[in-house]
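Peer 1: Please find one structure pasted underneath; my questions will follow.
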Amino acid sequence: MHSTYDLVWYAAQRTPDHLALVDDRSDRQLSYRQLVDEVESIAAGLSARGIKAGSRFATILPNLFEHCLIILALNRLGAVPALINARLTPAEVAPLVEQGDIDGAITMPDAAMVAAVSQVLPDGAPLFSTPTDIDGCRSFASCRGDAQTLAPFRRPEPEDLAYIFYTSGTTGLPKGVEIPHRTTEPRVVWVSPMAGLRCGTHSRILGMAPLSHAIGFYGNFLAALTYNATYYVVSQFDPVQVNDAIEQHSITFLFTVPTFFAAMVQAPGYDPAKFASLDLVLYGGASISPALLEQLDREWPATIRHIYGTTETMCSLYNPEPVGQSTRLRAGRYSRVRVIRYGGNHDDIVEPGEEGELIIDATTDTIFSGYLNRPDATAEKVKDGWYYTGDAFRLRDDGDVEIVGRVDDVIRCGGENLHPDDIEPILASHPGVQEVSVVGAKDSYWGEIAVGCIVAGTSPPSVAELDAHCKSSTLSAYKRPKAYLFVDALPRNAANKILRRVLRQTAEASRNSDDGPNLEMVR
């Protein structure tokens, strides 16, 4: 079993002078030899301030050069990075730090965040800021120390805690996901090639996916360093800068979400020629409009693949064909999955053509060990050796599967199951629709009805026009929304995921309300 530090150290022995990290905010870059030296120095500085094996240390940072270094330094010590989404507010971060038994932290130089975190840290716990200094924090430069004072590296036990990631919190406070060391190597060595990523010294990976997300950490950052590739740190998404960086650095691989794809192709100065170096593009986390997917497939030379995974299990499913040719997903070599009837047990498997909840074998080496201080939540999700994803899938005749949405998002209308992912691409293809989300709202006759929540473009469509658009499409009649809600923006959490529960509440409350948006029924 190899830890994160092991993988990076071995890479440095193989190609010490090869470029490892490049900072998008400056000209700073490190070779693999320099990277290990920096990590050792920072580990020594943290050790001098009381951080040791088993210590929990919160990193509340975007994708910064310093973030990469401190994660590796913590792993060198056997400490546990708790990777908290930097887009969360101070009020959202404080309870995560308090409930996580955190022994130290590093954050951006934001006075409100520093105040919130310092109030819940133990007395005397080190608190750092980067990339600049701020009152109440130690500077990142003070992390450094004499590497000669470090104790020899001790390889952790397989079940020792390696990382704490966090769920997106779409239904409440994010849950801490405990990831043990036994998962590190399989999450990189098994999963990355399964998705089609063939890394080597020729590879240049653009670090767009957040390090606080499992795919950004394992599938981008650690995959790059394990296989002696070069990782380009992207601290903030700007579509023009990202497009230019892909061309300037001859990027070969990136992972992102459909929202960013849309921004990239709509950015000023967009030119498909800038993407000539791309070999592989992976996406996940949300559905993508067919028109956008077709454009990417036509204009970019890369293989474009949809992958599916969870923080708890890592990537479990991948598209075995070029994405323009198929919507199917297949379990990877080291994944075992089933689609079971809604509310059923692990043996209640659906027939081909039917849909249900996807469950994943919980004995795989990539599986998490549990939710932090939440045995109740762990017991709810892991039952009889299976992890219940909460995601709805359809089983195909060939044994592969197709995602249809979240189980909680299924709209049960008049005895039929409707899925937002079936309806949203149709509405998104209307020229007057800028963004769309479909949710269910309670109805005395139907049980639930599908409501199209629309952010209109420059020429807002009417309800009648939207309904006519659905009628002229391939959408089945029973799937057409029975009502529409026009909103200024779709509510999202810090992970950029749409908060459907907020839209459901708004839709149900707006039926008889004179304030705010009104629910408009299809006539």
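Peer 1: Using the structure shown, decide if A112 is part of a helix (DSSP H, G or I), small (G, A, S) and surrounded by fewer than 24 Cβ atoms within 10 Å (Cβ to Cβ).
Peer 2: When the stated conditions are applied, A112 passes them.
Peer 1: Of everything in the stretch 289-322, what is part of a loop (DSSP other than H, G, I, E, B), in contact (Cβ under 8 Å) with a residue 40 or more places away in the chain and within 20 Å of the chain's Cα centre (by Cα)? Give them in sequence order.
Peer 2: Result: S289, T311, E312, T313.
Peer 1: Sticking with this structure for a sec: Looking at I360, I340, I349 in this structure, which one is under 22 Å from A214 (Cβ atoms) and among the hydrophobic types (A, V, I, L, M, F, W, C)?
Peer 2: Working: I340 fails: under 22 Å from A214 (Cβ atoms); I349 fails: under 22 Å from A214 (Cβ atoms).
On inspection, the qualifying residue turns out to be I360.
Peer 1: Also, I was wondering about something else. Output the residue which, of all residues in the stretch 509-523 that are of a type outside the set (A, V, I, L, M), within 21 Å of R480 (Cα to Cα) and modelled with pLDDT under 90, is surrounded by the most Cβ atoms within 10 Å (Cβ to Cβ).
Peer 2: Only one residue fits best here, namely S510.
Peer 1: Could you pull out the residue among D244, D238 that is charged (D, E, K, R) and touching a residue at least 12 places away in the same chain (Cβ under 8 Å)?
Peer 2: On the way: D238 fails: touching a residue at least 12 places away in the same chain (Cβ under 8 Å).
Every option except D244 fails the conditions.
Peer 1: Has the stretch 179-187 got any residue that is under 27 Å from R492 (Cβ atoms) and modelled with pLDDT of 95 or more?
Peer 2: Yes; the residues of the stretch 179-187 include at least one that is under 27 Å from R492 (Cβ atoms) and modelled with pLDDT of 95 or more.
Peer 1: Something else now. Strands (runs of 3 or more DSSP E) wholly in the stretch 192-266 with at least 1 residues that are of a type in the set (S, T, Y) - which ones? Step through it out loud before you land on a result.
Peer 2: On the way: elements: 204-207, 230-233, 253-256.
Output list reads 230-233, 253-256.
Peer 1: Would you call L211 touching a residue at least 40 places away in the same chain (Cβ under 8 Å), surrounded by 20 or more Cβ atoms within 10 Å (Cβ to Cβ), in contact with a Phe, Trp or Tyr (Cβ under 9 Å, 6 or more places away or on another chain) and closer than 17 Å to G332 by Cβ?
Peer 2: No, not satisfied.
Peer 1: Collect the residues in the stretch 247-259 that are in contact (Cβ under 8 Å) with a residue 60 or more places away in the chain and of a type in the set (A, V, I, L, M, F, W, C), keeping them in residue-number order.
Peer 2: V257
Peer 1: Looking at (1) buried (at least 20 other Cβ atoms within 10 Å of the Cβ); (2) farther than 29 Å from I403 by Cα, which one does Y270 not meet, given that it meets all the others?
Peer 2: All conditions are met except number (1).
Peer 1: Continuing with this model, one more query. Can you tell me which of (1) in contact with a Gly (Cβ under 8 Å, 6 or more places away or on another chain); (2) closer than 25 Å to E157 by Cβ; (3) modelled with pLDDT under 95 is the one T378 doesn't meet?
Peer 2: (3)
Peer 1: So which of V177, V188 ends up being crowded, with 18+ Cβ neighbours inside 10 Å and assigned to a helix (DSSP H, G or I)?
Peer 2: Step by step, each of V177, V188 is checked, and only V188 is crowded, with 18+ Cβ neighbours inside 10 Å and assigned to a helix (DSSP H, G or I).
Peer 1: While we're looking at this one, here's another question. What is the residue count in the stretch 19-37 for residues that are within 28 Å of the chain's Cα centre (by Cα) and either part of a helix (DSSP H, G or I) or surrounded by 15 or more Cβ atoms within 10 Å (Cβ to Cβ) (or both)? Spell out the reasoning first.
Peer 2: To start, the set of residues in the stretch 19-37 that are within 28 Å of the chain's Cα centre (by Cα) comprises 19-32, 35-36.
Narrowing further to those that are either part of a helix (DSSP H, G or I) or surrounded by 15 or more Cβ atoms within 10 Å (Cβ to Cβ) (or both): 19-24, 29-32, 35-36.
Counting residues in the stretch 19-37 that are within 28 Å of the chain's Cα centre (by Cα) and either part of a helix (DSSP H, G or I) or surrounded by 15 or more Cβ atoms within 10 Å (Cβ to Cβ) (or both) gives 12.
Peer 1: Would you pick out the residues in the stretch 466-483 that are part of a helix (DSSP H, G or I), out of contact with any His (no Cβ under 8 Å at 6 or more places or on another chain) and surrounded by 13 or more Cβ atoms within 10 Å (Cβ to Cβ)? Working first, answer last.
Peer 2: First pass over the stretch 466-483, keeping only residues part of a helix (DSSP H, G or I): 466-471, 477-479.
From what's left, out of contact with any His (no Cβ under 8 Å at 6 or more places or on another chain): 467-468, 470-471, 477-479.
D467, A468, C470, K479, listed by residue number.
Peer 1: Of all the strands (runs of 3 or more DSSP E) wholly in the stretch 340-429, which have at least 1 residues that are without any contact (Cβ under 8 Å) to a residue 60 or more places away in the chain and aliphatic (A, V, I, L, M)?
Peer 2: Values: elements: 355-361, 386-395, 401-406, 411-413, 416-418.
Counting at least 1 such residues, we get 355-361, 386-395, 401-406, 411-413.
Peer 1: Also, I was wondering about something else. Just for the stretch 471-495: of the residues that are over 17 Å from D421 (Cβ atoms) and of a type in the set (S, T, N, Q), which one is modelled with the lowest pLDDT?
Peer 2: N493
Peer 1: Go through the residues of the stretch 9-18 one by one and say whether even a single one is under 25 Å from S139 (Cβ atoms) and surrounded by fewer than 22 Cβ atoms within 10 Å (Cβ to Cβ).
Peer 2: No, the conditions are met nowhere in the stretch 9-18.
The values are calculated or read from the model by the stated rules, or taken from the named source; none is laboratory data. For clarity, every value in this text was computed on a predicted model and none was experimentally measured. Note that each Cβ is placed from the backbone with ideal geometry, even for glycine, and that neighbours are counted across all protein chains shown.
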